[in-house]
Amino acid sequence: MIWRSVVGKLWVTILLLVSVVLTLLTILLTQFFENFYDSQAKEQLTKMADRLVLIMEHDNNKEEAIRITNEMAEAYSMSVMIIDENHHSFISSDSLDNAPYIPVSVFNQNKKLSSVTESKEKIYTKSEFPVLKNGEKSSHTMIVYGEPYSVNGNSGGVYVYQSIENIEETTNHTKYLIFLAAGIAIILTTIFAFFLSTRITAPLRKMREAAMFVAKGEFDMKVPILTHDEIGELGMTFNRMGRQLKNNITALNQEKEQLASVLSSMADGVITFDRRMNILVTNPPADRFLQAFYYESGMKTQKKENMLPEAVIHLFQKVVSLEKEQLTEIDIQGRSWVVVMTPLYDNSVIRGAVAVLRDMTEERRMDKLREDFVANVSHELKTPLSMLQGYSEAIVDNIAESEEEKKELASIILDESKRMGRLVNELLDLAKLEAGHMKLHYTNVSLKPFVERIVRKFQGPAKERDIQLSLHMEGEPEELNIDPDRIEQVLTNLIDNAIRHTLNEGFVSLTIKISEQTVSFNVKDNGTGIKEEDLPFVFERFYKGDKARTRGKSGGTGLGLAIARNIVEAHGGQINVHSKMNEGTTFSFVIPRMLK
């Protein structure tokens, strides 16, 4: 567990490093002091031997010389042995107290030691010798220095020796001090290393905690700056990083919300695919497109992976292979969709595609309406023009012999000319209304007298066919702010259509309902009715229930209801129709009350 912690790793590393350094230093110091004490002992023995030789060579009183020699030896904790050329010693063992004593025989028998008296050589040796101490024989490691002397033709050797125990005692004491200092240093190093590592890692632990909060999305978390060293700079950098991350995430969220708002508010559908053609992003129009496809395919689930129209799949494959924008048109559930697909790149690699779907149903319908409009206008103008041409030629060629026949032909020409004039005027009015160029002239109108006058206008045609025309009003009649001429045009068209398509002895009623916010007009009859499949088209231009467009009393231009719808919508209202074949029809329109 300790190696998983920065504190433990740093503490152990410092401790091991200091321990290795102290161990090496202890070994070197121990070796140094051992060599130092050896050299000191050798130097002291050499100096002592040199002094003794001087005393022996220049002092004629040997007893005094021996006394001085013993005092000097005791002062330096050394032992002295003086042997003449006859191998006799001048110093007895009794003068050495408790110090280890090397017998004279050892000096005479040892080859190296005897070389001082025999070969007049200086020797220094460190080895084990048999000694006497307190009358007991034993073996000790001794340091012995020998030097020859010569006095009045007599020669001999002076030996100064010392037990190694004295040096070892001093060395061991020095080692003890070194090891004690090393142990104290290791203990202090342990405490210091733990304190230092804790001091260093405390900010790191706080940064780790702050990083965990940042990972959870809490970018306001700050690291306290306690120092101004590298760790303090790291903390400041971490805080700057947190602020920058917060700004970047906020910017990304804003861009994401903006993109979502743009996609949701687009009239066109948008679908984003990845490389495997999985759907990533859609907007409401695209969802409607997919729902229509799923419904048409008989799928019960809302979405299935890679379940798309075959044309879209083929288009995606072309986009990926050709790396160019592609376009196609798809018909689903009676609606026409234009699909434009463009590749999406990740640097130079295609990572998917985006498809833009535009609902072209209304445009296609308008194209068809324009085509039908031209055909209908041509058809409506062809008949009166043909009649005008035919009857004019009859008059020019004097086919009509009597004045009555000529008047009849001229009357027909006049009627057809008026019909063409009405057609042109209604087309102009409709164009102005749809373009918004028709200006409404609002005025306050008393509702009851206004509608009574319109109903009275149709009482004559209704009585001719024994049709009962009635007026009903619900609510308190008040003044209404409308364009009276245009509303009269709407009511005239609806009542006229109702009378013309109602059989004899039928009824037509105008019901007006007044509420606080709106005024509702309902024109109801029990006439022939309108086929169910024709109901969505009754307010289109040139719509006629008579598909063959035969001429008769019920024949009109087919523009009246289209004009009525535009007038009602210009007043801010709505118009609709309900009908059943052979039961009757009800046209209703509602306009808001604008009282002044």
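The values are calculated or read from the model by the stated rules, or taken from the named source; none is laboratory data. None of these values were measured; they are calculated from a predicted model. Quick reminder, even Gly has a Cβ in these numbers, built from the backbone with ideal geometry, and neighbours come from all protein chains shown. Quick note on the areas: whole protein, heavy atoms, side chains included, nothing else; ligands and nucleic acids left out. Shrake-Rupley method; radii C 1.70, N 1.55, O 1.52, S 1.80 Å.
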Across the stretch 191-313, how many lysine pairs separated by 8 or more positions, or lying on different chains, have Cα atoms within less than 20 Å? 7
Placed amide H near D483: partners under 5 Å, 5+ positions off or other chain: T443
Can you give the calculated 222 nm mean residue ellipticity of the chain, where each DSSP H run of n ≥ 4 adds -39,500 (n - 2.57) and the sum is split over every residue, rounded to the nearest 500 deg cm²/dmol? -18000 deg cm²/dmol
Selected from Q254, G269, T282, residue furthest toward positive end of dipole (the stretch 233-283; charges at beta carbon): Q254
Charge dipole of the chain built from unit charges on the beta carbon (Lys, Arg +1; Asp, Glu -1), centred at mean Cα; most positive-end Cα among V18, M72, V106 is V18
Can you pull the one-decimal nm distance between simple spin-label points at T30 and R205, each 7 Å off the Cα toward Cβ? 3.9 nm
Which order do the peptides 154-163, 250-259, 509-518 come out in when sorted by mean C-beta neighbours inside 10 angstrom, highest first? 154-163, 509-518, 250-259
In nm, to one decimal, how far is the S39 label point from the Q291 one, both placed 7 Å along Cα→Cβ? 10.3 nm
Of the listed links K418/K439; K439/K531; K406/K457; K47/K120, those spanning more than 27 angstrom between alpha carbons are K439/K531; K406/K457
With Rg and Dmax of the Cα atoms in Å in mind, check [x] 28.4, 106; [y] 64.9, 204; [z] 27.2, 104 and report the label derived from this structure. [y]
What's the carbon and sulfur percent of the stretch 182-341's accessible surface, probe 1.4 angstrom, rounded to a whole number? 59 percent
With only Lys, Arg, Asp and Glu charged, each at its Cβ (+1 for the first two, -1 for the last two), find how big the charge dipole of the chain is about the Cα centre; round to the nearest 20 debye. 1400 debye
How much length is gained if the chain between E583 and E118 is pulled fully straight, taking 0.36 nm per residue apart and subtracting their Cα-Cα distance, in nm to one decimal? 150.9 nm
Mean accessible surface per residue for the chain, computed with a 1.4 Å probe while every protein chain stays in place, in Å²: 60 Å²
Once you list every other residue whose beta carbon is under 10 Å from the beta carbon of A498, what net charge do they have if Lys and Arg are +1 and Asp and Glu are -1? 0
Given the pairs K111/K133; K126/K175; K368/K524; K318/K368; K137/K175, which span a C-alpha to C-alpha distance of over 25 angstrom in this model? K368/K524; K318/K368; K137/K175
